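The values are calculated or read from the model by the stated rules, or taken from the named source; none is laboratory data. Owing to the predicted nature of the structure, the values given are computational and were not obtained by experimental measurement. Note: ideal-geometry Cβ built from the backbone for every residue, glycine included; neighbour counts use all protein chains shown. SASA here: full protein model, heavy atoms, side chains in, ligands and nucleic acids out. Shrake-Rupley method; radii C 1.70, N 1.55, O 1.52, S 1.80 Å.
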Amino acid sequence: SGIIKTALLNMDRENREQYQVVIQAKDMGGQMGGLSGTTTVNITLTDVNDNPPRFPQSTYQFRAPESMPPDSPVGRIKANDADVDENAEIEYSITEGDGYDMFGITTDKDTQEGIITVKKALDFENKNLYILKVEATNTHVDPRFLYLGPFKDSATVRIQVEDVDEPPVFSRPAYIMEVKEDVPINSVIGTITAQDPDAAKNPVKYSVDRHTDMDRVFNINSGNGSIFTSKPLDRETLLWHNITVIAAEINNPKQSSRVPVFIKVLDVNDNAPEFAMFYETFVCENAKAEQLIQTLSAVDKDDSYSGHQFSFSLAPEAASSSNFTLQDNRDNTAGIFTRKTRYNRHEMSTYFLPVVISDNDYPIQSSTETVTIRVCACDHRGKMLSCNAEALIHPTGLSTGALIAILLCIIILLVTVVLFAALRRQRKKEPLIISKEDIRDNIVSYNDEGGGEEDTQAFDIGTLRNPEAIDDNKLRRDIVPETLFMPRRTAAARDNTDVRDFINQRLKENDTDPTAPPYDSLATYAYEGNGSVAESLSSLESVTTDGDQDYDYLSDWGPRFKKLADMYGAMDSDKDS
């Protein structure tokens, strides 16, 4: 039939997985003389879960430092299984041991290893050795092979905890303290305790983290951890103080830990009640007696477990002479009533009523508050019309502040007008000619050479020749004659009467000329000085000499003076003829 069957029982894949079988086929029923053919058949045995997991050793040992954080791996163990694929999948578990709640184990699906991890923080000082019993079990069990025995195995795991230098440990994770706000400075309000968990038991010192107590309200004893106040407390300012205390080993300050401390300030009756708001009311001039004009209420910054209870009364100095009465309503309010029928705002425009407010706590606190009452004019319905006594004097209804502002504006306006007039007056004193381009300046002296002997209209040659002829008392005509102008004197020169007469004549002609400008223009040119070799060349001066001059010497001066020598030589020839 060509059916291939097994020839042996209990074939084991783990011993041999592959087989090769040669098959021969013959014709003629296998008789002699028949033909035959052969073929090879490869047979592979598939796996079944007939092998349980087995640990290669019965005991495993690991070390773990006590500072190891939770979920950190401690070590790996592995049970061997001769099967493959899903038949070799193993699940690990901790079944017994004193570290059942301290450690855990998981399975690595890729390597089928058991990973032992830390579940809780270790403490060498409390326990330094843990013994665990770990079990490995197949996840896919074939019931046909249960007779071979349980498909699981177990091993013992010993974990040694190593000592590590740890920071101090506080007795509590957080501290809550209470203190009254009236305690004196340096009062102890509580104690913080911490100790070194190591076997050495190193001493611990305490300090306050100043980043959490910037105002340095609290301090701590570095030796025993007692917290005390260093400044006065005020519950109304700050109810809770949240600070942090640091504990560090003295031998190794790097080993330190922190703990929060919450300090609640308890209330003490140290604040007097006061008005809930500033009270400023009014009373009509035509008010009737026993008329309510204002209701008062009070507040207290302090706490009261049973509720606040305030009492109101007039101050002793105002109880008998006051024009008003005060009635306590026994509900933390009070009413102000009129005592007489009419009020006159011209006799008294404002009343200041002192009111005493007290609480019922211990110690009793009281304060004196003032109610401002203005007398006002009202209509017949009690509606306020005006509260100012000046309203009758100033029909326009302007207040004093407005009148002062108007007066200041008027003063500023007058000052502005006066300053403007003064500036205008000063501008009138300025010279009529201020242009720098005018060829005739009213400056006294210029060190420029002149325009020649024929230029007699722009300068006074008499001043050049005879400076003593200047009239000291002569006033300038180009400005208002309020101040005297002091002319600048030049060096004295020879007196020349003809030149002075000539200049005076020209001056009169200009004064009577209606087309001349309304001012004098003076240009002073430099005088060569006495002792000149050539002396003066002006023909004006020559008329003052006693006799005729000889101009023959001009020919001796060179070609530059030839034209001048010819001109004056010709004049001498005319005289001789």
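Below are the figures for this structure:
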item: Complete set of residues in segment 128-155 that are among the hydrophobic types (A, V, I, L, M, F, W, C), open to solvent by 30 Å² or more (accessible area, probe 1.4 Å) and at pLDDT 90 or above; result: LEU129, ILE131
item: PRO56 open to solvent by 50 Å² or more (accessible area, probe 1.4 Å) and under 28 Å from GLN112 (Cβ atoms); result: yes
item: Enumeration of residues in segment 355-373 that are surrounded by fewer than 17 Cβ atoms within 10 Å (Cβ to Cβ), in contact (Cβ under 8 Å) with a residue 40 or more places away in the chain and within 19 Å of THR325 (Cα to Cα); result: SER367, THR368, THR372
item: Residues within segment 313-339 that are of a type in the set (Lys, Arg) and either open to solvent by less than 40 Å² (accessible area, probe 1.4 Å) or closer than 16 Å to LYS288 by Cα (or both), tallied; result: 1
item: Residue ID - surrounded by the most Cβ atoms within 10 Å (Cβ to Cβ), chosen from residues in segment 281-312 that are of a type in the set (Ser, Thr, Tyr) and in a loop (DSSP other than H, G, I, E, B); result: SER304
item: Conditions (1) farther than 15 Å from GLU274 by Cα; (2) in a loop (DSSP other than H, G, I, E, B); number of the one not met by ILE373; result: (2)
item: Subset of segment 96-108 that is modelled with pLDDT of 90 or more and open to solvent by 10 Å² or more (accessible area, probe 1.4 Å) - its residue that is farthest from PRO53 (Cα to Cα); result: MET102
item: All positions within segment 254-280 that are assigned to a strand (DSSP E or B) and either surrounded by fewer than 17 Cβ atoms within 10 Å (Cβ to Cβ) or among the acidic types (Asp, Glu) (or both); result: SER256, SER257, ARG258, PRO260, PHE262, LYS264, LEU266, GLU274, PHE275, GLU280
item: Failed item in (1) more than 20 Å from THR139 (Cα to Cα); (2) among the hydrophobic types (A, V, I, L, M, F, W, C); (3) in contact with a strand residue (DSSP E or B) (Cβ under 7 Å, 6 or more places away or on another chain), with ILE77 passing the rest; result: (1)
item: Verdict on ASP234 being outside the structural domain of SER304 (by the TED database), surrounded by fewer than 13 Cβ atoms within 10 Å (Cβ to Cβ), at pLDDT below 95 and farther than 30 Å from LEU122 by Cα; result: no
item: Count of segment 61-83 residues which are buried (at least 19 other Cβ atoms within 10 Å of the Cβ) and assigned to a strand (DSSP E or B); result: 3
item: Test: ASP198 is open to solvent by less than 50 Å² (accessible area, probe 1.4 Å) and assigned to a loop (DSSP other than H, G, I, E, B); result: yes
item: From PHE312, PHE262, PHE282, residue being under 43 Å from the mean Cα position of the chain (by Cα) and among the aromatic types (Phe, Trp, Tyr); result: PHE262
item: All positions within segment 17-34 that are part of a strand (DSSP E or B) and under 30 Å from VAL84 (Cβ atoms); result: GLN18, TYR19, GLN20, VAL21, VAL22, ILE23
item: Any hit, segment 169-189, residues being more than 25 Å from TYR92 (Cβ to Cβ), among the acidic types (Asp, Glu) and part of a strand (DSSP E or B); result: yes
item: Segment 128-152, subset hydrophobic (A, V, I, L, M, F, W, C) and assigned to a loop (DSSP other than H, G, I, E, B), residue farthest from GLY114 (Cα to Cα); result: VAL141
item: Selected residue (criterion: least open to solvent (accessible area, probe 1.4 Å)) from residues of segment 109-122 that are in contact (Cβ under 8 Å) with a residue 24 or more places away in the chain and not in a strand (DSSP E or B); result: LEU122
item: One residue from GLU86, GLU125 being out of contact with any Leu (no Cβ under 9 Å at 6 or more places or on another chain), at pLDDT below 90, part of a helix (DSSP H, G or I) and open to solvent by 30 Å² or more (accessible area, probe 1.4 Å); result: GLU86
item: Tally of residues being polar (S, T, N, Q) and out of contact with any Phe, Trp or Tyr (no Cβ under 9 Å at 6 or more places or on another chain) across segment 296-306; result: 2
item: Filter pass, VAL245 being over 21 Å from VAL183 (Cα atoms) and open to solvent by less than 60 Å² (accessible area, probe 1.4 Å); result: yes
item: Residues located in segment 213-231, provided they are hydrophobic (A, V, I, L, M, F, W, C), open to solvent by 20 Å² or more (accessible area, probe 1.4 Å) and part of a strand (DSSP E or B); result: PHE228
